[in-house]
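Asks: Okay, here's the structure, questions in a sec.
The values are calculated or read from the model by the stated rules, or taken from the named source; none is laboratory data. Remember, it's a predicted structure, so these values are computed and weren't measured experimentally. Every residue, glycine as well, gets a Cβ built from its backbone with ideal geometry; the counts of neighbours run over all protein chains shown.
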Amino acid sequence: MGFVILSTAKAVGYRLLQPQQWPHVICDFVVHGFSRGYQTMTLKEAKQRIEKLKTLISRYRYEYHVLDKQTISDAALDSLKHELYALEQKFPEFITTDSPTQRVGGKTLAKFQKIKHTTRMLSMEDVFTPIEFQDWISRIRKLLGIQDIELFCMPKLDGLAVSLVYENGLLMHAATRGDGQNGEDVTQNVRTIESVPLKLTTLKNIDLPTRVEIRGEIFFPLNAFEKTNKRLAKEGKPLLANPRNAAAGSIRQLDSSITASRPLAFVAWDLIVEMNQKTMDEEWKILRDIGFRPVPESRICVNIADAHAQWSFLQKIREKLDYWIDGMVARVNDNSIYEQLGVVGKTPRGLIAWKFPAEEATTIVKQIQWFVGRTGALTPVALVEPTWIGGTTVQHASLHNLDEIQRLDVREGDSVILFKAGDIIPKIKNVLKELRPRNATSVKPPTLCPVCGSKIERKKGEVAMYCTNKRCFSQDKEAILHAARAFGIDGIGPQTIAALLEQKIINRPSDLFSIQPDDLLVVEGFADLSSKKLVEEIQTHKEILLANFLLSLGIRNVGEQTAIDLANAFGSLGKIVSATLEKLESVEGVGGIVAKSVKEFFSEQRNIDLLSEYERVGVKIKHENKGTNSGVFYGKIFVVTGTLEALSRDEAKNKIREAGGKSAGSVSSKTDFVVVGANPGSKLEDANRLGVKTLSEKQFLDMLGE
């Protein structure tokens, strides 16, 4: 009979209901059936049964939320809670505040009351670079007069800080940080969070003080956040903006039933009571023993290098976690030393937050310079005050072209917001015009090449401006660098190429294969061994696929995928050189503009001479077809953005092509899928705007069958 009762209760969805709703929805026999079973139960027996149920449910809560171990199914646990609820309805004199049935049920508040913190809730100093972290350690060493400092390092959760006060083991008050001295009383809402114990446990016979204060973070688990938004979308309700805001907003609901409908979680990070803990590490063990889950992924770090490694580790795994973190908290592990260091203003000296690299930062534009690329196109670049962003110190920001400068209305002296996503070059997001200096003037486009002084032209229908000198030094340098990368040659960068050009050792890309070790001895930084190594590296890359060779030529508008399309369509360099404009346009993926660029390139004698020089120095072009007319991705166009975990971007692109697909460099309405890694850039925004389907790396590999 009992089995039928519980199964029927589940069938009508009792897990979605609040305790006060159960009697109104669940069939009569759920409550009254239990009641009939308890009609002969004495008060003593009822009290004992209620206490046993509360203890058992509390134990399962501890195992699930603290130990990450589920020893009973959700359905079975709900059945126990139902039995407890039914008993309490029959014997209301035994209802206590620590009962699991009392997590929800408070009246809607008119406003939040203020609570004064017995011990001030302090904030933390933020640092952003390894140097700033080193400076913090140095200050502590100087103050203490010691070198060896053990640190306790933990992830910095991006949630809402709260303080929980227990008296005689029972949760009495929960308050937000507020101004550090006074917070808001959110007890009624915090009681709805399953990972917050209503009564402290004493698994190891710990002698609990009368008053215990716990501080920690309330957050919205990411999986639960996604499920909640899906539910809200189905119900036609507004979606939650993000987990951080949703957690804070949920706790500040005057109606606790709204909070209860959102599966928030809590982790502890401080114990504000003396329980013989000598270190923060010992404090973590006590927190577990009394019923809390301390911040996970925390550990002792014995020195700066160890702490740096932990910071890097947390940054690496942050995308895999079920909660947002934005840095690492480092605290002196020894509590006596921590207390000795004291407090400066609102921040303890022995505690610091080492934030992860910001993707946005403000800086000042010192100058706008123009650089000449391999095709002669001029690109404006903002020289900015050095600023730390995305894990590196940034001194330059891309401005793309004159139209972008005019769109942003950026001027020298302007304060600007930079943004950086993944490994993309930082860009200017917008200008803080309120901070513009009086002497700031609009940027005027150059009329002469900043490198060779030749005339600048802007072709009809194009945004870019070009240097008209085909042998401009900057164009030669960029063309040779571009070719070296296409051939896969390592160990030769822009400074080396510039030096080789200045010394007249090379003049064009094919000259790389004529370099001898002795030639390099006149270049700064090269000796006998390094010269021989670079020449060997160059000579081992004389064989190249047709698609890569086409890419190396630097033909305007011909990128990686277009080069592959041309190689697959024609099969040999000779056929591409002699192809008519109509024949070029007929290749799938090659439009009129690209076809015209290819035809113009091979119509210039200096480019035909370059091909002859490549042949003379022994470069061999492999005329193999890299494409396939079958495969799971046949006919599909992909774009890869962000940092992938199992594959590099090039590996992902190769897998796309091997499976019959195409890899494009930008998102358009023709794109079928965008593969999204960590820290994606504007391509993800383009995909969302155009309604292009996005894939995680796992989904991408699943489609490949890997």
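Asks: Just the residues that are within 18 Å of Glu560 (Cβ to Cβ), surrounded by fewer than 20 Cβ atoms within 10 Å (Cβ to Cβ) and in contact (Cβ under 8 Å) with a residue 40 or more places away in the chain, please, taken from segment 656-691.
Replies: Ala659, Gly665, Gly681
Asks: Which count do you get for residues in segment 492-547 that are surrounded by fewer than 18 Cβ atoms within 10 Å (Cβ to Cβ), over 17 Å from Glu613 (Cα atoms) and hydroxyl-bearing (Ser, Thr, Tyr)?
Replies: Final tally of qualifying residues: 2.
Asks: Hey, another quick one. Taking segment 392-414, which residues are part of a loop (DSSP other than H, G, I, E, B) and either basic (Lys, Arg) or surrounded by 15 or more Cβ atoms within 10 Å (Cβ to Cβ) (or both)?
Replies: Applying the first criterion (part of a loop (DSSP other than H, G, I, E, B)) to segment 392-414 yields 399-401, 409-414.
Listed by number, the residues that qualify are Leu399, His400, Asn401, Val410, Arg411, Glu412, Gly413, Asp414.
Asks: Can you report the number of residues in segment 258-279 which are in contact with a Ser or Thr (Cβ under 9 Å, 6 or more places away or on another chain), assigned to a loop (DSSP other than H, G, I, E, B) and either more than 22 Å from Asp98 (Cβ to Cβ) or among the charged types (D, E, K, R) (or both)?
Replies: Summing the residues that are in contact with a Ser or Thr (Cβ under 9 Å, 6 or more places away or on another chain), assigned to a loop (DSSP other than H, G, I, E, B) and either more than 22 Å from Asp98 (Cβ to Cβ) or among the charged types (D, E, K, R) (or both) in segment 258-279 gives 3.
Asks: Any idea which of (1) without any contact (Cβ under 8 Å) to a residue 40 or more places away in the chain; (2) within 17 Å of Pro380 (Cβ to Cβ) is the one Pro446 doesn't satisfy?
Replies: Only one criterion is unmet by Pro446, namely (1).
Asks: Turning to a different aspect of this structure: Any residue in segment 594-603 that is among the aromatic types (Phe, Trp, Tyr) and over 28 Å from Glu462 (Cβ atoms)?
Replies: Keep residues of segment 594-603 that are among the aromatic types (Phe, Trp, Tyr), which gives 601-602.
Pick out the ones that are also over 28 Å from Glu462 (Cβ atoms) and you get none.
No, that holds for no residue.
Asks: Spot the failing condition for Val617; the list is (1) within 18 Å of Gln561 (Cα to Cα); (2) touching a residue at least 24 places away in the same chain (Cβ under 8 Å); (3) touching a helix residue (DSSP H, G or I) at 6+ places or on another chain (Cβ under 7 Å), and only one is missed.
Replies: The single condition Val617 does not satisfy is (1).
Asks: Show the residue pairs that are 6+ apart or on different chains and have beta-carbon atoms under 7 Å apart, the first residue being within segment 33-58 and closer than 19 Å to Leu170 by Cα, the second being modelled with pLDDT under 80 and of a type in the set (Asp, Glu).
Replies: Final answer for the pair search is Ile50/Glu88; Leu53/Glu83.
Asks: Also, quick follow-up: Report whether or not Gly488 is loosely packed, with under 14 Cβ neighbours inside 10 Å, free of Cβ contacts under 8 Å to residues at least 24 places away in the same chain and out of contact with any Gly (no Cβ under 9 Å at 6 or more places or on another chain).
Replies: no
Asks: Mind counting the residues in segment 127-148 that are modelled with pLDDT of 90 or more and hydroxyl-bearing (Ser, Thr, Tyr)?
Replies: 1
Asks: Hey, another quick one. Just for segment 66-75: of the residues that are surrounded by fewer than 19 Cβ atoms within 10 Å (Cβ to Cβ) and within 19 Å of Ser195 (Cβ to Cβ), which one is modelled with the lowest pLDDT?
Replies: Here is the first cut: in segment 66-75, the ones surrounded by fewer than 19 Cβ atoms within 10 Å (Cβ to Cβ) are 67-75.
Those left that are additionally within 19 Å of Ser195 (Cβ to Cβ): 67-74.
Values: Leu67: 63, Asp68: 58, Lys69: 66, Gln70: 70, Thr71: 72, Ile72: 74, Ser73: 74, Asp74: 66.
Ranking the qualifying residues of segment 66-75, first place goes to Asp68.
Asks: Considering every residue within segment 321-328, establish whether at least one is in contact with a strand residue (DSSP E or B) (Cβ under 6 Å, 6 or more places away or on another chain), under 29 Å from Leu56 (Cβ atoms), surrounded by 15 or more Cβ atoms within 10 Å (Cβ to Cβ) and in contact (Cβ under 8 Å) with a residue 24 or more places away in the chain.
Replies: Looking through segment 321-328, at least one residue is in contact with a strand residue (DSSP E or B) (Cβ under 6 Å, 6 or more places away or on another chain), under 29 Å from Leu56 (Cβ atoms), surrounded by 15 or more Cβ atoms within 10 Å (Cβ to Cβ) and in contact (Cβ under 8 Å) with a residue 24 or more places away in the chain.
Asks: Can you report the number of residues in segment 271-291 which are of a type in the set (D, E, K, R) and surrounded by 19 or more Cβ atoms within 10 Å (Cβ to Cβ)?
Replies: Step one: filter segment 271-291 for residues of a type in the set (D, E, K, R), giving 274, 278, 281-283, 285, 288-289.
Checking which are surrounded by 19 or more Cβ atoms within 10 Å (Cβ to Cβ) leaves us with 283.
Of the residues in segment 271-291, 1 are of a type in the set (D, E, K, R) and surrounded by 19 or more Cβ atoms within 10 Å (Cβ to Cβ).
Asks: Looking only at residues in segment 406-423 that are out of contact with any Lys or Arg (no Cβ under 9 Å at 6 or more places or on another chain) and at pLDDT 85 or above, which one is farthest from Lys459 (Cα to Cα)?
Replies: Taking the candidates together, the pick is Val410.
Asks: Within segment 227-247, track down each residue that is part of a loop (DSSP other than H, G, I, E, B), touching a Phe, Trp or Tyr at 6+ places or on another chain (Cβ under 9 Å) and either under 21 Å from Lys320 (Cβ atoms) or of a type in the set (Asp, Glu) (or both).
Replies: The answer is Asn242, and nothing else.
Asks: Same structure again: Test Ala248 against the criterion of being under 15 Å from Thr176 (Cα atoms) and buried (at least 21 other Cβ atoms within 10 Å of the Cβ), and give yes or no. Spell out the reasoning first.
Replies: Working: under 15 Å from Thr176 (Cα atoms): yes; buried (at least 21 other Cβ atoms within 10 Å of the Cβ): no.
In short, no.
Yes/no matrix, rows are residues, columns are (1) in the same structural domain as Asn568 (by TED's automatic domain parsing); (2) within 15 Å of Gly589 (Cβ to Cβ); (3) among the charged types (D, E, K, R):
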{"residue": "Arg649", "(1), (2), (3)": "no, no, yes"}
{"residue": "Ala652", "(1), (2), (3)": "no, no, no"}
{"residue": "Gly660", "(1), (2), (3)": "no, yes, no"}
{"residue": "Val674", "(1), (2), (3)": "no, no, no"}
{"residue": "Gly677", "(1), (2), (3)": "no, no, no"}
{"residue": "Glu685", "(1), (2), (3)": "no, no, yes"}
{"residue": "Leu690", "(1), (2), (3)": "no, no, no"}
{"residue": "Phe700", "(1), (2), (3)": "no, no, no"}
